[in-house]
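Please read the structure below before turning to the comments.
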Amino acid sequence: YSFLKEIQTRTYYSLVEHQMYNLNRPNAKMMHMITDVESKTIGGKIESIWSFKQLNLFTGLDWLYLSRDGEKVSHQIKNHQTSKTDVWQNSLNSNIGIFVQGEYRIDDKNLIEFGGRLDHNKLNIRRPSALFTNLYMDQYHYEHNLSATLSYNYIMNENRGCGWVGILVVLFGVSTAT
């Protein structure tokens, strides 16, 4: 008898090249602004599903790579001045995480759910502005985040698929700002 029921994998890739402008707005008579931006997202997940009598476990690993960059060109019509500004400063966010999630069915009316996650985040600004450098000394930032959840579910009434459920949940979590 095998406890391993299923292994799932997912991968994804997205590249968005986008141009924003103000040419159809009232302020375009005084200043033209065109911003070219690019965002790249790559990621994947592998998850295994385990079953042990009353306990179902979901374990796995996921990865996310997010790269963003862009440049805004502003041209003041009155004095013919042109300026260029970085958008997103060629930033990079990379995350790899491991997780476990489970549900333990005590009986038909009682269920305990739990989960935990550990993330390693790498944040990088590859072309920081002077203001950014003055405010934040390092351009590379690493974080480890731990999250956990625990819940107890009591099914009060089951009536033809519709019913009342009482839930008590305890959560702990940290998230990285992007």
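Every number here is computed from the coordinates shown, using simple stated rules; none is lab data. Keep in mind it's a predicted model, so treat the numbers as computed, not measured. As a convention, Cβ positions derive from the backbone with ideal geometry for all residues, glycine included, and neighbour counts pool all protein chains shown.
Going Cα to Cα from LYS53, which lysines come in below 27 Å? Please leave out same-chain ones fewer than 8 positions away.
LYS5, LYS45, LYS109
Could you check which residue among HIS80, HIS144, HIS120 shows the biggest mean-square fluctuation in a GNM of the chain with a 10 Å Cα cutoff?
Of HIS80, HIS144, HIS120, the most mobile in the Gaussian network model is HIS80.
In debye, nearest 20, what is the charge dipole magnitude of the chain about its Cα centre with +1 on Lys and Arg Cβ and -1 on Asp and Glu Cβ, if you could check? Kindly include the intermediate steps, with their values, before the conclusion.
Numbers: 18 positive and 17 negative charges, 112 e Å.
So the magnitude is around 540 debye.
Regarding the chain, what is the average projected area of its C-alpha convex hull, in nm²? Please list the in-between numbers first.
Working: hull surface 66.1 nm².
The orientation-averaged projected area of the Cα hull of the chain comes to 16.5 nm².
Under 25 Å between alpha carbons, and skipping anything fewer than 8 positions from LYS78 in its own chain: which lysines qualify?
LYS29
Within the range 57-82, what residues put their amide N at less than 16 Å from the label point 7 Å along the Cα-to-Cβ vector of LEU15?
65-70
If you wrap the range 29-84's Cα atoms in a convex hull and average its projection over all directions, what's the area in nm²? Please report the intermediate quantities before stating the final value.
Values: hull surface 25.3 nm².
Taking the Cα atoms of the range 29-84, their convex hull projects to 6.3 nm² on average.
Counting each DSSP H run of 4 or more residues in the chain as -39500 (n - 2.57), what helix-only mean residue ellipticity at 222 nm follows after dividing by all residues, to the nearest 500 deg cm²/dmol? Could the numbers behind the result be given before it?
Working: 1 runs with 6 residues, N = 178.
Dividing the helical sum by the residues of the chain leaves -1000 deg cm²/dmol.
To two decimal places, what compactness ratio does the range 1-56 give when its Cα radius of gyration is scaled by 2.2 N^0.38 Å?
Numbers: Rg = 24.1 Å, N = 56, 2.2 N^0.38 = 10.2 Å.
Cα Rg divided by the expected 2.2 N^0.38 Å: 2.37.
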